[in-house]
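Colleague: Have a look at this one before I ask anything.
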Amino acid sequence: MMDNLRAASNHVVLKVILGLIILSFVLTGVGGYLTGGNGDYAAKVNGHEISRSQLDRAFSNERARQQQILGDQFSQLAGNEGYMQQLRQQALSQLIDEQLLDQYAKKIGLAISDEQVKQAIFSQPPFQTEGKFDNAKYLAILNSMGFTADRYAEALRKQLMTQQLVQAVAGSDFMLNGETDALAALVSQQRLVREATINVAGLAPKQTVTPEEIKSYYQQNAHSMMSPEQFRVSYILMDAANMQQTASENDIQSWYDQHQADYTQPEQRRYSIIQTNTDADASAVLDALKKGEDFAALAKTRSVDPITAKKGGDMGWLEPETTPDELKDAGLTQKGQLSAVIKSSTGFIVARLEDVKPQKIQALAEVHAAIADKVKQEKAIDAFYKLQQKVSEAASNDPESLASAEQVSGLKAVQTGWFTHDSVPAELNDKAVQEAIFNGGLAGDGDAPGRNSDIISVDGDRAFVLRISEHKPEVVKPLETVTAEISRTLQQSKAQSQAQQQAEKLLTALKAGNGEAVMKANGLSFGSQQTLERSGKGALTQAVFALPLPAAGKVTYGMGHDELGNVTLLALDKVQSGKLTDQQKQALVQGITQNNGQLSFEAMLSNLRKAAKIKFGAAAQAQ
């Protein structure tokens, strides 16, 4: 059955279903429920065996997940034996964690009721049609997955129990009211501060810079004064959307004939069923129906399938591919016809054919316009790929020019202006195109011409062929071109140093109690008082909240820098508590408790591993 599940899991809807089951219980944990050990195991967790087949399935799933994430890079990693063994160990570690959590949940008495399982089934979107539970879809999907209703319910019960454990542990952290209030007071604290700014930009023009200093800075920082690599590119863009095509009536008719299944609504049948646990009960139901008793009433009182019973046995409309084989083989051809007793994987069934909708094929006239568009699109794509082939051959045969490619394509090559790695023209803003320009080896050596690129396919059925028409390598800028820039940098640095020294002297005087006179002598004074909050951004706020609390009636002095790089003297006058709303307090507590809850869950899992008896088998290392 699990082989059927694995094969069926390629279906899009089934992937959604399987994705609902966390910790891979349907794909791995349930495997232990369905299959017994054979002595060749991957691990034993407190005596419970994790089989080779379970590990193989989990490893296959992890491999597929990594391939989806890494794309083409995965093919290189797949050849690394050490990497693949690491993936296998990760899959086994997850299986062990799942088993430990399952065992612990049972130990502490966590339980999931039948009603909870039923509601979980009803609420899963893949089992619904237009937001309502669809029994026919539910049965068809389970049948495709190879699950009986009981076994699927058991898998879901296991998953829900583990979810309950995760929520119980992760949600167990809490804070007392006193802790909350203290934390809120700290977070919402406000500081009343005055500042005096020493303007670095005003000091910079007054600084003297010598030619020797400029030359020394140039020599020591040449790496930061590079002229970036530059390119000019010629390219031809081929776009399928620009290749206008026509669609003849013969083309449209041919497409319609070849794709008639796309315009066909298969026959649909509507069944009602009554399910029982025994052959005798089903036979009794059949006898009652033959005597004229109401089918819907009997389904509600006698059927053991709670889902269809609620609807009087109605399974809804089914297409051939979603109809269970038992109903297909029941020989029902007439509306209202009753089946014999049918033995199924879920018990015994009596079925009735309620109605039939015959197959319906849309007439060509109804879909003529849509097919014409499809034909034109296909022709455009065909022409697009044929053009690519011609351009590729021309660009390859004449590698030092796009002239031949222009001739066979009828397209004119476009010449860009100069650009760098950081200023690529918008029309070339594609990863594959930029990779060819910057890392494709297309630039020639020295004065030698470069070569044409191969065809570069990009999204939207477009393709480029290009060449680097001119190239300037990265070089250090000449000293004369950066002298003024270096001079300004050195002036700024000297001004910053002067401002820092001046601020340190003033801070010393302020702390000694005679700073006001010194500040006045330097043309400085503290501005008006402002209130800063801890949640504020910027270096100045950080500096203010790093200052020690002022004593009663005193001022705490400090120093910082504003966003413009100016040096700032700070006078902290007062610290007061702010106020958080109840909603803000709740959000604060929730963020902290969630983080602590996650740490608690990880600690619990670590402790379970330490206390467990885990024995690894030969399958743990097998590839």
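Colleague: Given a Förster radius of 51 Å and the C-beta distance between residue 564 and residue 459 as r, what FRET efficiency does 1/(1 + (r/R0)^6) yield to the nearest 0.05?
Modeller: 0.70
Colleague: If you compute Cα extents along the principal axes in Å for the structure shown, which of (i) 111, 66, 53; (ii) 76, 61, 55; (iii) 114, 81, 54 do you land on?
Modeller: Only one option fits the structure, namely (iii).
Colleague: Could you order 49, 516 by accessible surface area, starting with the largest, using a probe radius of 1.4 Å?
Modeller: So the residues, ranked largest to smallest area, are 516, 49.
Colleague: Quickly estimate the mean residue ellipticity at 222 nm for the chain, helices only: each DSSP H run with n ≥ 4 gives -39500 (n - 2.57), and the total goes over all residues, rounded to 500.
Modeller: -15500 deg cm²/dmol
Colleague: If amide hydrogens are placed 1.01 Å from N in the peptide plane, which non-local residues have theirs closer than 5 Å to the one on residue 314?
Modeller: Residues meeting the amide H criterion: 273.
Colleague: Quick one: which residues, 5 or more positions from residue 227 or on another chain, have an amide H under 5 Å from its amide H? H modelled 1.01 Å from N in the peptide plane, none for Pro or chain starts.
Modeller: 475, 476, 477
Colleague: Let me ask something else about it. For the chain, which whole percent of the accessible surface, found with a 1.4 angstrom probe, sits on carbon and sulfur atoms?
Modeller: 49 percent
Colleague: Taking R0 as 51 Å, what's the FRET efficiency between residue 97 and residue 531 from their Cβ-Cβ distance, rounded to 0.05?
Modeller: Taking R0 as 51 Å, the efficiency between residue 97 and residue 531 is 0.55.
Colleague: Loop only per DSSP, at most 15 neighbouring Cβ atoms within 10 Å: give me the trypsin sites (Lys or Arg not before Pro) in segment 370-457, ordered by residue number.
Modeller: Answer by residue number: 412.
Colleague: Follow-up. Would you mind getting the accessible area per residue of the chain, heavy atoms of the protein chains only, 1.4 Å probe, in Å²?
Modeller: Normalised by residue count, the accessible surface of the chain is 56 Å².
Colleague: Once ligands and nucleic acids are excluded and a 1.4 Å probe is used, how much of residue 378 is accessible, expressed in Å² to the nearest 10?
Modeller: Accessible surface of residue 378 is approximately 90 Å².
Colleague: Additional query: Expressed as a rounded percentage, what relative contact order does the chain have, with Cα pairs under 8 Å and six or more residues apart?
Modeller: 24 percent
Colleague: At most 14 other Cβ atoms within 10 Å and a DSSP loop assignment: could you name the GluC sites (Glu not before Pro) in segment 245-295 that fit?
Modeller: Those that pass, being in a loop and sparsely packed, are 267, 293.
Colleague: Long-range amide H contacts for residue 354: which residues qualify at under 5 Å (H placed 1.01 Å from N, peptide plane, sequence gap of 5 or more or a different chain)?
Modeller: Distant-sequence amide H within range of residue 354: 270, 271, 272, 336.
Colleague: Please name which of 323, 260, 363 has its Cα lying farthest along the dipole of the chain towards the positive end, using unit charges on Cβ (Lys, Arg +1; Asp, Glu -1) and the Cα centre as origin.
Modeller: Towards the positive end, the residue furthest out is 323.
The values are calculated or read from the model by the stated rules, or taken from the named source; none is laboratory data. All values reported here derive from a predicted model rather than from experimental measurement. All Cβ positions, glycine included, derive from the backbone under ideal geometry; neighbour counts span all protein chains shown. Ligands, DNA and RNA are excluded from the accessible area calculation, which covers all protein heavy atoms including side chains. Shrake-Rupley method; radii C 1.70, N 1.55, O 1.52, S 1.80 Å.
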